[in-house]
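The values are calculated or read from the model by the stated rules, or taken from the named source; none is laboratory data. No experiment lies behind these values; they were computed from the predicted model shown. With ideal geometry, Cβ positions are generated from the backbone for all residues, glycine too; neighbour counts draw on all protein chains shown.
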Amino acid sequence: MEKHLVIDHVKFSYEGLFNPAELYNVVAQWFYDKGWDWWEKKNQEMSLPSGKQIYLILEPWKSVSDYYKLQLKLKIIMIDMKEVEVEHDGKPVKLMQGVVRMTIDGWLLSDREKKWNNQPILWFLSFVLEKYFFKRHFEKFVTWLKSDADDVYTHVKNYLNTFKYTYQH
């Protein structure tokens, strides 16, 4: 299996009000709606004197052909979270005040089932086919990966910026 790095540390940072559970659900629902599978590599919560911290590493993937697979890695770190109560539509709402940092990496994986790496001649043949005959397929999947990564980035950013303006007091 060969990993081609396509997206390298795209970062996003937000400071303000948010709901950690809703943020997680926004990300999970986006991947579910787009047909991605995923593995939650890490979901860790700590209480520190400076506030709560949540550290998530999500590794979603999508098989796009018999040969290629798209893979993203989202690191979401929520730090210095303190519970606050704000008023929205005349009702008290409990949210967290803190910092959210997100990093996205993305790869296009070839030979996803590891059928072509067993013998040197097969590996060489796959290399030649990929570089010269299936170049358009490769480029199409790279574009797809970039588009989905940009879409999830924008989706999370819009969700957090909505909070910024909805819950001002």
Subject >> Condition check for Val86: in contact with a His (Cβ under 8 Å, 6 or more places away or on another chain) and among the aliphatic types (A, V, I, L, M) >> reply: yes
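Return the residue satisfying two criteria in turn: it lies in region 122-169 and is under 30 Å from Glu87 (Cβ atoms) and hydrophobic (A, V, I, L, M, F, W, C), and of such residues it is modelled with the lowest pLDDT. Even if it seems obvious, please write down each step before you answer.
The initial filter retains those residues of region 122-169 that are under 30 Å from Glu87 (Cβ atoms), namely 154-169.
Next, only the ones that are hydrophobic (A, V, I, L, M, F, W, C) stay: 156, 160, 163.
Values: Val156: 94, Leu160: 90, Phe163: 56.
By that ranking, first place goes to Phe163.
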Original post:
Just one of the numbered conditions (1) modelled with pLDDT of 90 or more; (2) touching a helix residue (DSSP H, G or I) at 6+ places or on another chain (Cβ under 7 Å); (3) of a type in the set (A, V, I, L, M) is not true of Val64; which one?
Top reply: (1)
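To keep it simple, each residue is scored yes or no on (1) under 25 Å from Val6 (Cβ atoms); (2) among the acidic types (Asp, Glu); (3) surrounded by 12 or more Cβ atoms within 10 Å (Cβ to Cβ).
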| site | (1), (2), (3) |
| --- | --- |
| Phe18 | no, no, yes |
| Ala28 | yes, no, yes |
| Tyr32 | yes, no, yes |
| Gly35 | yes, no, no |
| Asn43 | no, no, yes |
| Leu48 | no, no, no |
| Gln53 | no, no, yes |
| Leu56 | yes, no, yes |
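Counting only residues that are over 16 Å from the mean Cα position of the chain (by Cα) and of a type outside the set (A, V, I, L, M), which one in region 1-16 is farthest from Lys94 (Cα to Cα)? Break it down into steps so the answer makes sense when it comes.
If we filter region 1-16 for residues that are over 16 Å from the mean Cα position of the chain (by Cα), which is where we start, we get 1-4, 15-16.
Filter once more, so that each one left must be of a type outside the set (A, V, I, L, M): 2-4, 15-16.
Numbers: Glu2: 46, Lys3: 43, His4: 43, Glu15: 16, Gly16: 13 Å.
Step by step, filter region 1-16, then rank; the result is Glu2.
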